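*Asks:* Input: one structure, supplied below.
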Amino acid sequence: MNTYIFIPAYLLCYVLQILFLIKEKKQQLVQTLYFKGAASLVFVLLAALSFVFGGKTQSFFAVFIFTGMCFDALADVVFNLRFAFKKIEKLSFLGGTFLFFTGHVFYLIAMIPQVEQLWIYFVIGLIIALLSQFYIWLVLKEVCLAYKIYGTIYIFSVSSMTAMATGNFIANYTSTGALFFAIGAVFFLISDLLLILNTFRKEKIYPMRVISFVTYYTGQLLIATSLFLL
């Protein structure tokens, strides 16, 4: 498969993101679900192509990354249902968050065999999670303890995966696939931190939402591409 196919896939995903944001600004919230779902479908299909034609076809790593990506794509739609249908707002939030967490766990499990001295990356992940959550919850004092604990566990899974991805690239610095995955993981972490911070604020910061949205999809696209390049 020619790597040039990734360029139109990236462009299509960004166009769908722009359309989503336009519809959201116009409060056409049901229509936003179509564009968000379509944008997520792009990175899933890109991952599928990378999975089939990439160098790690049928590998443990590729299977778990692709599965995690499918969970995340489903979470994208479920999580956004809360804006379009207020009656299921809490169910949508909890269901979407659970699906996202499940997807992150699949990413984390995929990375575990890729690195040595595993405990170091978990310690780094824990430090990042505790420091970032300490700052976030310092700002968001009104958030209940249950959300604070869950948020810390959630970010721990992402930050540990990011630490492993970065360590894997350092150990395999000539691998373009490892580079793409590491950058994608960093974008992923930034997106989740901004999402948590903005979700629980009383006054939402729209540019923060846009940055969280763009970094999330960029991260997913890079991770999907990495399956072909590894």
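The values are calculated or read from the model by the stated rules, or taken from the named source; none is laboratory data. All of these numbers come straight from a predicted model, not from anything done at the bench. A quick note on method: Cβ atoms are made from the backbone with ideal geometry, for glycine too, and the neighbour counts reach across all protein chains shown. Accessible surface is based on the protein model in full, side chains and every heavy atom, while ligands, DNA and RNA are left aside. Shrake-Rupley method; radii C 1.70, N 1.55, O 1.52, S 1.80 Å.
*Asks:* When you scan region 70-79, do you find a residue that is open to solvent by 50 Å² or more (accessible area, probe 1.4 Å) and at pLDDT below 90, even just one? Let's see the steps before the verdict.
*Replies:* If we filter region 70-79 for residues that are open to solvent by 50 Å² or more (accessible area, probe 1.4 Å), which is where we start, we get 70-71, 74.
Filter again for at pLDDT below 90, leaving none.
No: zero hits.
*Asks:* While we're here: Would you confirm whether any residue within region 210-225 is surrounded by fewer than 19 Cβ atoms within 10 Å (Cβ to Cβ) and closer than 21 Å to Val139 by Cβ?
*Replies:* Going residue by residue through region 210-225, those that are surrounded by fewer than 19 Cβ atoms within 10 Å (Cβ to Cβ) are 210-211, 214.
Of the ones still in play, those that are also closer than 21 Å to Val139 by Cβ are 210-211.
Checked region 210-225: at least one residue is surrounded by fewer than 19 Cβ atoms within 10 Å (Cβ to Cβ) and closer than 21 Å to Val139 by Cβ.
*Asks:* Where in region 1-89 are there helices (runs of 4 or more DSSP H), lying fully within it, with 3 or more residues that are among the small types (Gly, Ala, Ser)?
*Replies:* 29-53, 60-84
*Asks:* Check whether at least one residue in region 144-157 is in contact with a Lys or Arg (Cβ under 6 Å, 6 or more places away or on another chain) and either open to solvent by 40 Å² or more (accessible area, probe 1.4 Å) or part of a helix (DSSP H, G or I) (or both), and report yes or no.
*Replies:* Step one: of region 144-157, the residues in contact with a Lys or Arg (Cβ under 6 Å, 6 or more places away or on another chain) are none.
No, because not a single residue in region 144-157 is in contact with a Lys or Arg (Cβ under 6 Å, 6 or more places away or on another chain) and either open to solvent by 40 Å² or more (accessible area, probe 1.4 Å) or part of a helix (DSSP H, G or I) (or both).
*Asks:* Could you list, in sequence order, all residues of region 154-174 that are closer than 14 Å to Leu222 by Cα and small (Gly, Ala, Ser)?
*Replies:* Matches in region 154-174: Ala165 only.
*Asks:* Mind checking which residues of region 6-45 are over 22 Å from Phe79 (Cα atoms) and open to solvent by less than 70 Å² (accessible area, probe 1.4 Å)?
*Replies:* Within region 6-45, Phe6, Ala9, Tyr10 qualify.
*Asks:* Considering each residue of region 190-210, count those that are of a type outside the set (Lys, Arg), out of contact with any helix residue (DSSP H, G or I) (no Cβ under 6 Å at 6 or more places or on another chain) and touching a residue at least 12 places away in the same chain (Cβ under 8 Å), and give that number.
*Replies:* Total satisfying the criteria: 2.
*Asks:* Taking the stated definitions as given, is Phe181 under 15 Å from Ile109 (Cα atoms), open to solvent by less than 20 Å² (accessible area, probe 1.4 Å) and either assigned to a helix (DSSP H, G or I) or out of contact with any strand residue (DSSP E or B) (no Cβ under 6 Å at 6 or more places or on another chain) (or both)?
*Replies:* On the way: under 15 Å from Ile109 (Cα atoms): yes; open to solvent by less than 20 Å² (accessible area, probe 1.4 Å): yes; either assigned to a helix (DSSP H, G or I) or out of contact with any strand residue (DSSP E or B) (no Cβ under 6 Å at 6 or more places or on another chain) (or both): yes.
Taking the combined requirement at face value, the residue satisfies it.
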